[in-house]
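Below is one structure, written out as structure tokens; the observations come after it.
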Amino acid sequence: MAARSEGWWQRRGLFGLYELLHSWWRHRISFLLSLSITLFALSIYYLVFLQETGTPLFDLAERLELDTLDTRFRYRPARFAHPDSRIAIVDIDQKAQEVLGHWPFARTYFAKLLDALHQDRAAVAAFDVTFSKPDQLRRHFVCWRLRYKTAGTTANQSTRGSSPR
């Protein structure tokens, strides 16, 4: 029967544990420094991201992130400073809402926008809009169409019944 292979910690017993602790003790400054940095980072992560409500530490981290983002944009390389002239951003602003009505806009406006972008040979069109509700204009159009069909059917039936054969 083959002998069971044991791990080095089982073969050496407590002496292996002693060697491990002694190795850590020789490098205690780097070990304690890395352990403290890790514990600090985990506590910051917990306080900032895992809590249900906002904390002053979260506000500080958010403010620090926004400030560093501003700095990163300010000192970015010159080749990234000017956007590509082929990129166009279509924005829905207050004036668009005054002209087109209240939000959500009818899907026909988005369709016209896509048609105009297609005519201008746009390669890609992306929407940063959530279409969570059905189109209100389409619902009114479907109701009108059903009413028209039922009114037309009723009118056809009444004219068929009164016409001589």
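Every number here is computed from the coordinates shown, using simple stated rules; none is lab data. Computed from a predicted structure; not experimentally measured. Note that we place each Cβ from the backbone using ideal geometry, even for glycine, and neighbour counts take in every protein chain shown.
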Q: Can you pull the one-decimal nm distance between simple spin-label points at LEU20 and TYR45, each 7 Å off the Cα toward Cβ?
A: 2.3 nm
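Determine the gain in length on full extension of the stretch ALA111-TYR148; use 0.36 nm per residue of separation and subtract their C-alpha separation, reporting nm with one decimal.
That works out to 10.8 nm of additional length.
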(Q) Need the list of lysines near LYS149 for cross-linking: C-alpha distance under 27 angstrom, and skip anything on the same chain fewer than eight residues off. (A) LYS133
(Q) For the pair THR38/ARG76, report the inter-label distance in nm, with labels modelled 7 Å from Cα in the Cβ direction. (A) 3.6 nm
Q) In straight Cα distance, which aspartates and glutamates are under 16 Å from LYS112, not counting same-chain residues fewer than 8 positions off? A) ASP91, ASP120, ASP135
